[in-house]
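Read the structure below first, then the notes.
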Amino acid sequence: MIIKRASLSRRTVLRGLGTTLALPFLEAMIPSARAAEAAARPKRLSVFYTPNGMTMDAYRPVATGADYALPPTLAPLEPFRSDMVVVSGLGHPQAAAFGDRPAGHGRSCPAFLTGAHARQTEGPDIRCGVSMDQVFAAHLGETTTIPSLELGIDQASLLGSCDINYSCAYTNGISWLTPTVPLPVMANPRDVFERLFGDGEALDPASRLAQARRQASILDYVREDAARLSGRLGAEDKRKLDEYLDATRAIEKRIQRAATGPQAEAGGFAQPAGIPAEFAEHVRLMIDLQVLAMQADLTRVCTFMLGREISNRTYPEIGVPDSHHMLSHHGKNPDKMAKLAVINRYHMEFFAYALKRLKETRDGEGALLDTTLVIRGSAFGDSNDHDFMDLPVIVAGGLVQGGQHLAVGKGTSMSNLLLTGLQLLDVPAAKFGDSSGPLAGLARA
């Protein structure tokens, strides 16, 4: 006798006291083996952005194809060599001045995901183009609860000019919903967690701190529902559910520790509650939140800025107390170039962490990385020259032919890669930005 279980909806959630918690993909959500074969796992997009360019000599591989050596900056990515493609030679022609006044960051940053030329203005009349991530989000429609997630480490700059002659809106983020609407990044992990799993109640900082002190967990509210659901699941699904709930609890605890630490109560210009005091913990927490959101299929589109363009952050924890932006204008000074390369490698370690998390997180029969298109890049190659025509781009995930260094012809627009990315994500796009066609050699055969 064969006992058939009723399948769960892909939109099943745990509920309790005004709280809902989405679930990861479970086998019980597949009604039959035949349906399992027909159901494609969802494709996702993750963009990882670092500011202020690169020391290209320490970044760019010498050889092309499969037999290339990873230079010092890329060394942290060795475990993911087969999962990624280093693409060199891409540029953004639309980041050129075209008669506008000088301002490299103000034009290159907004062009990164749009392939469009930013209007020169310090006022509210900003204009650029729709970014590639938002084209994908629009294609997905209402498939997920959250159309896209824009994360960052730095709080947005105040209104006004950040790069000479250009509004701060051009350097605060990389996602553009429309040509005139840039999407702000969220930098506070607690805000992100509440957006993903909260009940939508807007809490002031004092209330958030009080809530954190109570150590209340959303898992406490959904415990009974989780127990009932667990009784309906097979052994493998129970393991997946426990793993997901454990990850959610761990992130909650990290946010609570940050919220109740000394920085949460300091006066003056204290960090908002929920932002860890340590940069590295802040970055890892934001990456983990992104992975959790994708695992629960709350969103399939994430962008993450490791720093706002023109960031002046210092990194004493790795022996570089100098301003990042100032070092990026090194004037060919060997000492400054060496320090910039140290920062570049440090940032690459966080990208390696992001790939590790995507690769170790289960999604159906495989890993999240298998069906995620990951794009890592910067708005500049050589930062000293504001070189926007030789960008340090890496593409990773199961949708691309990994294990290679792909060098393209000088002058090839980054828009060609963005177009290829959209097509890999099943968006029926024939053109994007100033593209001339898909980028050959990137898609998995």
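Points worth noting:
- Inter-residue pairs, beta-carbon under 8 Å, first closer than 18 Å to Ile394 by Cβ and in the range 407-422, second among the acidic types (Asp, Glu) and open to solvent by 30 Å² or more (accessible area, probe 1.4 Å), 6+ apart: Ser413/Asp434; Ser415/Asp434
- Test result for Gly411, under 25 Å from Asp163 (Cβ atoms), open to solvent by 10 Å² or more (accessible area, probe 1.4 Å) and small (Gly, Ala, Ser): yes
- Any hit, the range 116-125, residues being assigned to a loop (DSSP other than H, G, I, E, B) and farther than 16 Å from Cys162 by Cα: yes
- Selection status of Leu177, of a type outside the set (Lys, Arg), assigned to a strand (DSSP E or B) and open to solvent by less than 20 Å² (accessible area, probe 1.4 Å): no
- If the condition is being under 12 Å from Val135 (Cβ atoms) and either open to solvent by 40 Å² or more (accessible area, probe 1.4 Å) or more than 19 Å from the chain's Cα centre (by Cα) (or both), then the range 414-425 contributes only Gln423.
- Of the strands (runs of 3 or more DSSP E) entirely within the range 1-82, those holding at least 1 residues that are at pLDDT below 95, among the aliphatic types (A, V, I, L, M) and buried (at least 16 other Cβ atoms within 10 Å of the Cβ) occupy 13-16, 19-22.
- Looking only at the range 128-174, and only at residues there that are open to solvent by 10 Å² or more (accessible area, probe 1.4 Å) and without any contact (Cβ under 8 Å) to a residue 24 or more places away in the chain, the one that is farthest from Ala97 (Cα to Cα): Glu142
- Within the range 391-403, not a single residue is more than 21 Å from Thr299 (Cα to Cα), out of contact with any Lys or Arg (no Cβ under 9 Å at 6 or more places or on another chain) and surrounded by fewer than 19 Cβ atoms within 10 Å (Cβ to Cβ).
- Listed conditions (1) touching a strand residue (DSSP E or B) at 6+ places or on another chain (Cβ under 9 Å); (2) among the aliphatic types (A, V, I, L, M); (3) touching a residue at least 40 places away in the same chain (Cβ under 8 Å) are all met by Leu70, apart from (3).
- Against the test of being closer than 21 Å to Leu369 by Cβ and of a type outside the set (D, E, K, R), the options Pro72, Pro110, Pro79, Pro102 yield a single qualifying residue, Pro79.
- Filter result (open to solvent by 20 Å² or more (accessible area, probe 1.4 Å) and in contact with a Lys or Arg (Cβ under 7 Å, 6 or more places away or on another chain)) within the range 356-370: Arg362
- Among the residues of the range 295-314, those identified as outside any loop (DSSP other than H, G, I, E, B) and over 11 Å from Gly152 (Cβ atoms) are Gln295, Val301, Cys302.
- Residues that are open to solvent by 50 Å² or more (accessible area, probe 1.4 Å) and of a type in the set (Ser, Thr, Tyr), drawn from the range 298-352: Thr314
The values are calculated or read from the model by the stated rules, or taken from the named source; none is laboratory data. Since this is a predicted model, take the numbers as computed values, not measurements. As a convention, Cβ positions derive from the backbone with ideal geometry for all residues, glycine included, and neighbour counts pool all protein chains shown. These accessible areas exclude ligands, DNA and RNA; they are computed on the full protein's heavy atoms, side chains included. Shrake-Rupley method; radii C 1.70, N 1.55, O 1.52, S 1.80 Å.
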